[in-house]
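Worksheet for the structure shown next.
The values are calculated or read from the model by the stated rules, or taken from the named source; none is laboratory data. Since the structure is predicted, the reported quantities are computational estimates derived from the model, not experimental observations. A quick note on method: Cβ atoms are made from the backbone with ideal geometry, for glycine too, and the neighbour counts reach across all protein chains shown. Protein only, heavy atoms only, side chains kept; ligands, DNA and RNA dropped before computing areas. Shrake-Rupley method; radii C 1.70, N 1.55, O 1.52, S 1.80 Å.
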Amino acid sequence: MTNELQLINAAKAGSADAFADLVKHYRTRLLRFLLTRCASYADAEDALQDTMIAAYRYLHSYDPRWRFSTWLYRIAIRNAQKHRSENVVELGDLSDEESDPLLHCIAASETENLWVSARRVLNDDVFAATWLRYAEDMSIKDISKALDRSDSWTKVNLLRARKTLDTEMNRRNNGSEAYG
Amino acid sequence: MDKLAKQLKTDAALIDVQVSDELDRRISASLQGVTPEKTEAPVVRQRPAAFWWASSLTGIAAALAVIVLINSDRQPAEIAVVHVADTSPVPEIKTPTINWRTESAMLTQPLQRELEDLQSDLKKAEEKVKRDIGL
């Protein structure tokens, strides 16, 4: 973590290389997340690039009291929203594997990936909260900060998402058993 | 970790993405062209020593002025000196003399005895008046 702080300070001083090292570990994770929120793989890549540029440019506004990943995800969520509003695509309608970048990146399986189900049954912010919680192991406070929501909103919606996804998981498992 | 959390973690890992070399180059090139914004540190201007002397002296002068003003308000108002010689003489009050036409009682006995005699005289005079008017 000290190393991360050193890299942040070097990047703040204007070192692009230090920043590249800093975000190296986050790029793949961010791209995976952005893929669930963008209409195409190219959009996800563009959103990632914009996120990196914005993070580097506004690094002075980063508050070290928060995790660096929380701050990065906050920027990424905004960029994903910006790309989506430009293209105006409803992600819930992307059921075609050819056009859905998420389905394109998931290996063929007998059962539906739970995140595909989550994207279908949860709204954008609740999906993002669920992703940050279960895929990124973020705390409630960090999720609230990243989504610019209250802690209580995050807790309540994560609970609802859990119930919904639990039902989806059981339905999926029952379906696979019936077919098996 | 419960079953759902475990499944979500596993399924997230199944999303296979790679940052391509081309994207890596694009990002690096973009970053080279960006200058991070810097927050301007608040400028602390050093004031000259004369400023502190001047402000101290002004403060002291103001305090003195306030003290003088308060004390000048507390001085008693001047009492007008009145010369006795200038005043008009008070006119002499003349009380009217009343002729009471009184007779001094001649006390020949002790007071109790005198009282009894007077009461007796009064009673006799009363009976005399009643007889005269025919009661």
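Below is a table of values for the structure above.
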read-out: Pair list, Cβ under 6 Å, 6 or more apart: region A:157-171 residue more than 10 Å from chain B (Cβ to nearest Cβ), other residue among the charged types (D, E, K, R) and part of a helix (DSSP H, G or I); value: A:158/A:133
read-out: Members of region A:10-54 found to be among the charged types (D, E, K, R), more than 8 Å from every other protein chain (Cβ to nearest Cβ) and either touching a Pro at 6+ places or on another chain (Cβ under 9 Å) or on the phi > 0 side of the Ramachandran plot (or both), listed by number; value: A:43
read-out: Spans of helices (runs of 4 or more DSSP H) in region A:1-71 with at least 3 residues more than 19 Å from residue A:128 (Cβ to Cβ) and in contact with a strand residue (DSSP E or B) (Cβ under 6 Å, 6 or more places away or on another chain); value: none
read-out: Identity of the residue in region B:2-39, basic (Lys, Arg), open to solvent by 100 Å² or more (accessible area, probe 1.4 Å) and under 29 Å from residue A:16 (Cα atoms), that ends up farthest from the other protein chains (Cβ to nearest Cβ); value: B:25
read-out: For residue A:99: the one exception among (1) outside any helix (DSSP H, G or I); (2) of a type outside the set (Asp, Glu); (3) at pLDDT 85 or above; (4) open to solvent by 50 Å² or more (accessible area, probe 1.4 Å); value: (3)
read-out: Unmet requirement for residue A:65, which otherwise passes all of (1) within 22 Å of residue B:32 (Cα to Cα); (2) surrounded by fewer than 21 Cβ atoms within 10 Å (Cβ to Cβ); value: (1)
read-out: Selection count where residues are part of a loop (DSSP other than H, G, I, E, B), small (Gly, Ala, Ser) and open to solvent by 50 Å² or more (accessible area, probe 1.4 Å), scope region A:102-155; value: 4
